[in-house]
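> Okay, here's the structure, questions in a sec.
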Amino acid sequence: MEFEPLKDTTKSGKERPWNSKKRMSLETASIYDETASVYGKESLENKAKRMGDCGDILTFKQTPEGLRLNQAFFCKVRLCPMCNWRRSLKLTYENRRIVEVANSRQKLRWIFLTLTVRNCKGDKLDETIKSMSHAYRERFMKYGRVKDSIEGWFRALEITKNNEDNTYHPHYHVLIAVKPSYFRSKNKYINQEEWTDLWKEAMKLSYTPVVHVQAVKARKTKKDFKEIVIDIENSISEAQSVSKAILEVSKYTVKDTDILNGTEEQKIETVYTLDNAMAHKRLVAWGGCLKKIREELRLEQKEDDLIHIDDNNVDEVSEEIQKVTAYWNYGLSEYVLKDIKKLPMPENNGSHEK
């Protein structure tokens, strides 16, 4: 029996990683199962089952622009590679919309800030994340020095794992909007040393944490003709630089490889620790003008929707459209098409594009 594989590509022709994400979700579900057995937690067993079924059946609508996901079951377990991929795509799209609106209302510059603390053992991760959240929310962003200097911010938590010493590294990526005058005003500008001192004070640390800050901007060309050519080839516009920063702050909280790498014992310990530490936590947050814009766009109302991740997924055309259903084939370990219902294709008149 022959099967037709799923081919879902972006406008640039890049194939979307449905197969690899499903395989990783199945592998992660297996680790959840083992973790449930070791620690005797029924909740982990339930998550393993949900994750194993995640994305088994995908229904798309075929449009002149390509496939658009229309129906699917996503487990929404925090460590599921499939769901994390969808969340990252959704978050990237929403942050781009927010930034576009912010830029259209006033001239802004952007700063990329990374706030860290020392690595901690697994049994201290939950406590460390809570301390970071409280320090950021109740002290760091309420300092007059910070409030008077910035217009808005987006913050995302990332956690990486060091299997060599079995420690975790929670840290914040923050995209900050400032007025152009920020860089020219002594009363507004905050240098790296001061950002570091403010974060150290907010966290009440006895050591100096690593804090990195950089302005998001395009590279400037040089006078030498050869350098100009090289710079033109390698540089990106300021808008693209901001887009790159958005991608950085919108990425997964936990990398798939941090869960799937290491010994079996390490994988089990990683899943148990991260699942517990990330439970009931707000992993992303907005503030200032960016929070207001997000509320205006009503993006919080669609926060749990991992199907319609952007405007292109909103169906505004008639039901007379080709529907494509992809099933996960466990034998082939890939998605295959089945039960294709062919109906008249709509004309590409752009009526459903925003």
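Coordinate-derived values only; no laboratory data. Note that the structure is a prediction, hence the values are computed from the model and not measured. With ideal geometry, Cβ positions are generated from the backbone for all residues, glycine too; neighbour counts draw on all protein chains shown.
> So which chymotrypsin sites (Phe, Trp or Tyr not before Pro) in the stretch 101-165 end up in coil per DSSP with only 16 or fewer other C-beta atoms within 10 Å?
On the way: sites: Trp110, Phe112, Tyr136, Phe140, Tyr143, Trp153, Phe154; in loops: Tyr143.
In loop regions of the stretch 101-165 (DSSP not H, G, I, E or B), the sparsely surrounded chymotrypsin sites (Phe, Trp or Tyr not before Pro) are Tyr143.
> How far apart, in nm, are the 7 Å Cα→Cβ label points at Thr59 and Leu247?
Inter-label distance under the simple model: 3.3 nm.
> With labels modelled as points extended 7 Å from the Cα through the Cβ direction, what inter-label distance (nm, one decimal) is found for Arg298 paired with Arg105?
Placing both labels 7 Å beyond Cα along the Cβ direction yields 1.8 nm.
> Here's something else I'd like to know. Local charge sum around Ser133 (other residues, Cβ-Cβ under 12 Å, Lys/Arg +1, Asp/Glu -1)?
+3
> Skipping prolines and chain starts, which residues have an amide H placed within reach, meaning under 5 Å, of the one on Ile190, given they are 5 or more residues away or on another chain?
Amide H neighbours of Ile190, under 5 Å, 5+ apart: none.
> Once label points are set 7 Å from the Cα along Cα→Cβ at both Arg282 and Gln322, what is their separation, rounded to one decimal in nm?
About 4.5 nm separates the two model spin labels.
> Within 10 Å of each residue's Cβ, count the other Cβ atoms and sort Glu264, Glu45 from fewest upward.
Details: Glu264 10, Glu45 15.
The fewest-first ordering by Cβ neighbours comes to Glu264, Glu45.
> Using the Karplus curve 6.51 cos²θ - 1.76 cosθ + 1.60 with θ = phi - 60°, work out ³J(HN,Hα) for each residue of the stretch 245-259 in order, rounded to whole Hz, and write x for Gly and Pro.
Here the 3J(HN,Hα) series is 5, 4, 4, 5, 7, 9, 6, 4, 5, 10, 5, 4, 5, 5, 8 Hz.
> Place the peptides 267-275, 17-25 in order of packing, highest mean first, counting for every residue the other Cβ atoms within 10 Å and averaging per peptide.
267-275, 17-25
> Given Lys200/Lys291; Lys188/Lys255; Lys204/Lys244, which pairs have Cα atoms separated by over 29 Å?
Among Lys200/Lys291; Lys188/Lys255; Lys204/Lys244, the Cα-Cα distance tops 29 Å for Lys188/Lys255; Lys204/Lys244.
> With θ taken as phi - 60° and the coefficients 6.51, -1.76 and 1.60, list the Karplus ³J(HN,Hα) couplings across the stretch 115-130 in order, rounded to whole Hz; mark glycine and proline as x.
10, 10, 9, 5, 4, 9, 6, x, 6, 10, 5, 4, 5, 5, 5, 4
> I've got another one for you. Collect residues whose amide H, placed 1.01 Å from N in the peptide plane, falls under 5 Å from the amide H of Ile307; neighbours closer than 5 in sequence don't count.
none
> For the stretch 15-21, just list the computed ³J(HN,Hα) in residue order, Karplus coefficients 6.51, -1.76 and 1.60, θ = phi - 60°, integers in Hz, with x standing in for Gly and Pro.
6, 6, x, 4, 5, 5, 5
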